[in-house]
Each structure stands twice: as C-alpha cells, then as structure tokens.
Amino acid sequence: MVLELTVAGGAALISGVAGYLVAKKINDANYNIFLEQAKAKAKAIEYEAEIILKNANIKVHEAELLAKKSFDEKLSILTKEHAVKMMDIEKREILVAEEAKRIDIQASDMEKLKKEAESLLEEGESLRREYHEKVKEALNVLERSAGLTEEEAKEIVLKKVEEKSRADIAHIVRKHEEEAKQDAKRRVNYILAQATSRYAGDFAAERLINVVNIKDDELKGRIIGKEGRNIKTLEMLLGVDIIIDDTPNAIILSSFNLYRRAIATKVIQLLVEDGRIQPARIEGIYEKVQEEFEQTILEEGENIVIDLGITKIHPELVKLIGRLKFRASYGQNALGHSLEVAHLAGIIAAETGGDEKLAKRAGILHDIGKALTHEFAGSHVDLGADVCKRYKEHPIVINAIYAHHGHEEPTSVESAAVCAADTLSAARPGARREVLESFLKRVQDIEDIAKSKEGIKQAYAINAGREIRVIANAKLINDDEAVLLAKEISQEIEEKVQFPGEIKVNVIRELRAVNYAR
C-alpha cells in the first residue's frame with residue numbers, strides 16, 4: 001500500500017514538473033513574439049518622429065527666411081524715414097537758428113528804440129512842464145486884463161464852443177443817419193417783403209355781440225319762459241346778456257368774454273333746435289356744451305402746435321394756446337394774432353440767420369398770458385412769463401414775452417423777430433379797433449409833446465395817430481437841428497405814450513421870403 005502511494009506520488013511529481021517545463025517554454029515563445037512586435041512598433045514610431053522633425057525643421061527654416069525678409073524690408077523703410085526726418089530736423093534747426101538771429105536783431109533794435117523813446121519822453125516831460133508854466137503865466141495875464149477868473153473864462157469858452165459845435169454835430173448825425181437809414185431800409189424792406197408775401201394771415205376781428213337766428217319769433221317767448229325763468233337761468237349759467245327785442249328772427253348775445261359768448265351761442269342754438277326749453281334742460285345742455293368746448297380747445301391747441309412744427313411743449317401750454325381762440329385785444333382775435341406773429345417771426349428769423357422753429361415757438365407763446373387774464377390779476381406779460389417759467393420754457397421765449405412790450409431788451413435774433421412781427425401784425429390797417437376816448441387822449445398827448453419843444457409853431461397828429469407833422473420855425477431851427485428835434489420828439493413819445501405799431505415823426509421846416517414890387 002505504501003509502495004503504491006509512493007509510485008503515484010512520484011508519477012504526479014514527474015507530470016507536474018513536465019507540465020511546468022512545457023508551460024515555461026510556451027511563455028518564453030510568446031514573450032519573444034511580443035518583444036519583436038514592440039520593437040517593430042518602436043522603429044515605426046521612431047521613423048515617423050524623424051519625418052515630423054524633418055518637416056518641422058523645414059518649416060522653421062522657411063519662417064526664419066520670411067521673418068528675415070520682413071525685418072529687412074521694415075528696416076529699409078525705417079532707415080529711409082529716419083533719413084527724411086533727420087533732413088527735416090536739420091532744415092528746422094537752420095530755420096530756428098535764422099529766427100533766433102532775427103529775434104536778436106529785433107531785440108537790439110527794440111532796445112535802441114526804447115532808449116530813444118525814453119529820451120523823447122524826458123524831452124516831452126520837460127516841454128510839458130514848460131508849456132504849463134507858459135499857460136499859467138498867460139492865464140495870470142488874461143485874468144488881470146479881463147477881470148475874470150479861470151473858471152469863469154472856461155465856462156464862457158465852453159458855452160461858445162457848444163453853441164458853435166451843435167450845428168456841426170447835427171450835420172454829422174444827419175449824414176450818418178441818412179447812410180444808416182438807406183442801408184437799413186433796403187434790408188428791412190427785403191425782410192418784411194419776404195415775410196408778408198410768404199404769409200398772408202386771416203383777418204382776425206372780434207365783436208362784442210353774437211346773433212342767433214331763429215325761424216319763428218314765437219320762440220322768443222319760450223326762451224324768456226314763464227315769469228322770465230328760462231332767460232334768468234340762461235343768463236345766470238352762461239354769464240352773458242341776452243337781448244330779445246323787436247329785431248325779427250334774431251336773439252342778440254352780448255359779452256366781452258368770447259368764450260362765454262361762444263358757449264351761450266351754441267347752447268341757445270341747441271335749445272332752439274330741440275324745442276324743449278326749461279331750466280333743467282338748459283343746465284343739461286350747458287354742461288354738455290362746456291365739455292365739448294374744453295375738448296375742442298385742447299384739439300385746437302394740438303393742431304396748431306403740430307402745424308407750426310413745435311415739439312416738447314407742456315400739455316397745459318397747449319390748452320392755453322387753444323383758449324386764445326376765445327380772447328381778443330382791441331377787437332383782434334388773440335389766437336389769430338399769435339399765429340400771425342409766429343409765422344412772421346419764423347420768416348424774419350430765417351432771413352436774419354436765427355432759429356426759425358424757436359422764433360415760431362416764441363411767437364405763438366408771446367401773448368399766452370392773455371388766456372389767463374380773465375381768471376388771474378396782473379398784466380398778460382407777467383402772467384405769460386410766469387406760466388412759461390413754471391413749465392420750463394426756453395429763456396429766449398421768456399425774453400420775447402417781456403421784450404414785445406418793452407419790459408426787457410431783446411437778447412437774441414429770435415426775440416427781436418417776435419417784437420417786429422408783433423408790431424407788424426398789430427399795426428396793419430384794420431387789424432385792431434380802439435376805444436375812442438383812449439385814442440383821442442393818445443393823439444392829444446403826442447401833439448402836446450411835440451408842441452412843448454422850443455421853436456415849434458404847430459403840431460398835427462394824422463393818419464389815425466400813426467404820424468405827427470411838426471411845423472418848425474425856420475428862423476429858430478436850421479435843417480440839421482430839425483433832424484435832432486425829430487429824434488428828441490420820437491424818444492419822448494416812446495417814453496411817455498403807449499401805442500401799437502410805430503409813429504412817424506415828420507418835422508417840417510419851411511422858409512418863405514415875401515416882398516412887394518411897387
């Protein structure tokens with residue numbers, strides 16, 4: 001049994017050793033195969049690396065050649081530029097040296113002139129002292145011989161010189177005035193011709209009454225109502241006087257307020273069309289018409305602003321522009337006048353090199369205060385300037401508001417254009433009506449100013465107070481003094497009299513020589 005185990009163990013040992021040896025031989029063979037494959041791959045990689053390195057060297061060499069070529073070209077350009085600049089610097093150095101030499105010569109000449117001037121100054125001072133001494137001696141001699149002090153003699157001489165030079169001054173003033181008038185007249189006539197020919201405004205005149213036409217006179221009784229209830233309600237709500245008289249098929253509405261009168265006209269027209277005339281119905285129609293008018297005012301202002309090409313204007317100012325439609329001054333509609341001023345000012349500003357749009361803006365807003373005069377105390381100039389300042393309007397617009405009535409001097413072309421356009425619009429014949437009493441007083445004041453001057457025989461206001469003819473005494477006033485007299489009268493009229501447009505002062509001097517042959 002032991003023997004069998006020994007034999008079996010030996011056989012197993014022998015088979016294990018044999019298996020080990022076989023496996024080792026197989027592994028050695030596989031290793032050699034793998035080693036050969038690795039060597040082959042390494043050689044291939046090495047070959048590829050050599051090719052890549054060779055290509056890289058070629059590219060580096062080419063890049064070096066290109067860089068060298070570019071460097072050489074830039075170096076050549078810079079060398080040429082450097083040479084040119086060096087030549088320029090050398091030329092400038094030569095010029096600077098010449099200039100320095102010239103300055104040195106001038107400095108030397110100036111030093112010589114300075115010394116000569118100092119010597120002349122010293123000589124002049126000595127002469128002046130000598131002159132004063134001689135004058136003092138002469139004055140002492142004159143005082144002793146004439147019996148007058150220096151001050152008295154000076155006063156007499158100055159008075160004589162003033163009397164003698166007045167005629168010369170008047171002649172010079174007249175000459176320069178004539179030249180200035182000719183140049184200014186040509187330019188002004190051209191500008192005004194351009195302005196008036198390119199814009200023809202509507203005739204804007206307002207009256208104090210409106211007439212409502214009715215189909216039947218029986219409606220008058222219904223408008224009056226039982227015991228006058230309807231007409232009392234109408235007058236209380238509308239704020240106008242309703243005149244119902246024997247005028248056939250007509251009811252007259254009277255009020256100085258155009259806005260109230262326009263609302264009243266519309267309300268009565270609607271009542272007449274509707275036929276139901278009673279206090280409750282009157283109140284309802286009045287409220288409806290008032291709302292429509294407020295909307296119409298806003299739309300009117302917006303349309304005007306768009307037509308004039310004005311941008312960025314406050315909505316409240318737009319509404320006030322619309323309200324100008326229901327304001328009037330001396331019978332001239334305020335909105336029509338403002339539109340006319342805006343267009344004329346724009347044309348004048350464009351012709352004189354100003355801002356046309358800014359001039360139009362100032363023109364349409366120059367009388368904006370008239371839209372507030374019925375609600376607030378104060379002049380329309382102050383009210384207009386305040387409301388424009390509140391809504392951040394341009395300073396030129398505010399200056400134009402003040403300047404068009406002389407509260408300030410115009411500070412720009414646009415302000416002056418507005419002033420000229422305002423005068424042009426107000427002064428054209430038929431544009432405005434004036435109360436008879438104020439007109440007569442103004443004419444009388446103008447004549448009194450002219451008559452108060454020395455050497456005036458008579459003065460007559462003609463052409464509806466727009467011209468005054470002054471008859472001068474030819475023995476007391478010469479032609480040149482007549483020019484000064486006309487200027488003095490016009491200045492005093494400007495200071496003391498308020499008037500629309502302009503007044504022509506015409507001084508007439510005539511000398512008649514009469515003799516008789518017997």
Original post:
residue 416 fails exactly one of the following numbered conditions: (1) out of contact with any Pro (no Cβ under 8 Å at 6 or more places or on another chain); (2) assigned to a helix (DSSP H, G or I); (3) surrounded by 15 or more Cβ atoms within 10 Å (Cβ to Cβ); (4) at pLDDT 80 or above. What is the number of that condition?
Top reply: (1)
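Looking at residue 393, is it acidic (Asp, Glu), open to solvent by less than 50 Å² (accessible area, probe 1.4 Å), over 29 Å from residue 347 (Cα atoms) and modelled with pLDDT of 85 or more? Steps first, please.
Details: acidic (Asp, Glu): yes; open to solvent by less than 50 Å² (accessible area, probe 1.4 Å): yes; over 29 Å from residue 347 (Cα atoms): no; modelled with pLDDT of 85 or more: yes.
Judged against the criteria, residue 393 is not a match.
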Subject >> Check on residue 59, at pLDDT below 90, in a helix (DSSP H, G or I) and farther than 30 Å from residue 478 by Cβ >> reply: yes
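Residue-by-condition table, conditions (1) modelled with pLDDT under 85; (2) buried (at least 16 other Cβ atoms within 10 Å of the Cβ); (3) part of a loop (DSSP other than H, G, I, E, B):
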| site | (1), (2), (3) |
| --- | --- |
| 465 | yes, yes, yes |
| 468 | no, yes, no |
| 477 | yes, yes, yes |
| 485 | no, yes, no |
| 493 | no, yes, no |
| 508 | no, no, no |
| 517 | yes, no, yes |
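Are any residues in the range 232-262 among the β-branched types (Val, Ile, Thr) and buried (at least 19 other Cβ atoms within 10 Å of the Cβ), and if so, which ones? Steps first, please.
Looking only at the range 232-262, we keep the residues that are among the β-branched types (Val, Ile, Thr), and these are 233, 240, 242-244, 247, 251-252.
Those that are among the β-branched types (Val, Ile, Thr) and buried (at least 19 other Cβ atoms within 10 Å of the Cβ): 233, 240, 242, 251.
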Original post:
Are there any pairs with C-beta distances below 7 angstrom linking a residue in the range 271-289 that is among the polar types (S, T, N, Q) to a residue that is open to solvent by less than 40 Å² (accessible area, probe 1.4 Å), with the two at least 6 apart or on different chains, and if so which?
Top reply: 278/230
**OP:** Can you work out which of the residues in the range 269-291 that are charged (D, E, K, R) and under 13 Å from residue 230 (Cα atoms) is surrounded by the fewest Cβ atoms within 10 Å (Cβ to Cβ)?
**Re:** 276
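If you check 352, 311, which single one turns out to be of a type in the set (S, T, N, Q) and in contact (Cβ under 8 Å) with a residue 40 or more places away in the chain? Please lay out each step first, then the result.
Numbers: 311 fails: in contact (Cβ under 8 Å) with a residue 40 or more places away in the chain.
Criteria check complete, one pass: 352.
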**OP:** Kindly provide the set of residues from the range 223-240 that are in a helix (DSSP H, G or I) and in contact (Cβ under 8 Å) with a residue 24 or more places away in the chain, ordered by number.
**Re:** 223, 229, 230, 233, 234, 237, 238
**OP:** Determine if the range 330-353 includes at least one residue that is among the aliphatic types (A, V, I, L, M), in contact with a strand residue (DSSP E or B) (Cβ under 8 Å, 6 or more places away or on another chain) and open to solvent by less than 50 Å² (accessible area, probe 1.4 Å).
**Re:** yes
**OP:** Go through (1) open to solvent by 50 Å² or more (accessible area, probe 1.4 Å); (2) among the small types (Gly, Ala, Ser); (3) more than 30 Å from residue 261 (Cα to Cα) one by one and return the number of the condition residue 378 breaks.
**Re:** (3)
Original post:
Among the residues of the range 295-329, which ones are hydrophobic (A, V, I, L, M, F, W, C), in a helix (DSSP H, G or I) and surrounded by 15 or more Cβ atoms within 10 Å (Cβ to Cβ)?
Top reply: 297, 298, 304, 305, 308, 317, 318, 320, 321, 324, 326
Subject >> From the options 370, 360, residue that is open to solvent by 10 Å² or more (accessible area, probe 1.4 Å) and touching a Ser or Thr at 6+ places or on another chain (Cβ under 9 Å) >> reply: 370
Original post:
Could we say that residue 265 is part of a loop (DSSP other than H, G, I, E, B), surrounded by fewer than 19 Cβ atoms within 10 Å (Cβ to Cβ) and of a type in the set (Ser, Thr, Tyr) here?
Top reply: no
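The values are calculated or read from the model by the stated rules, or taken from the named source; none is laboratory data. No experiment lies behind these values; they were computed from the predicted model shown. With ideal geometry, Cβ positions are generated from the backbone for all residues, glycine too; neighbour counts draw on all protein chains shown. We work out accessible area using only protein heavy atoms, side chains counted, and drop any ligands, DNA or RNA first. Shrake-Rupley method; radii C 1.70, N 1.55, O 1.52, S 1.80 Å.
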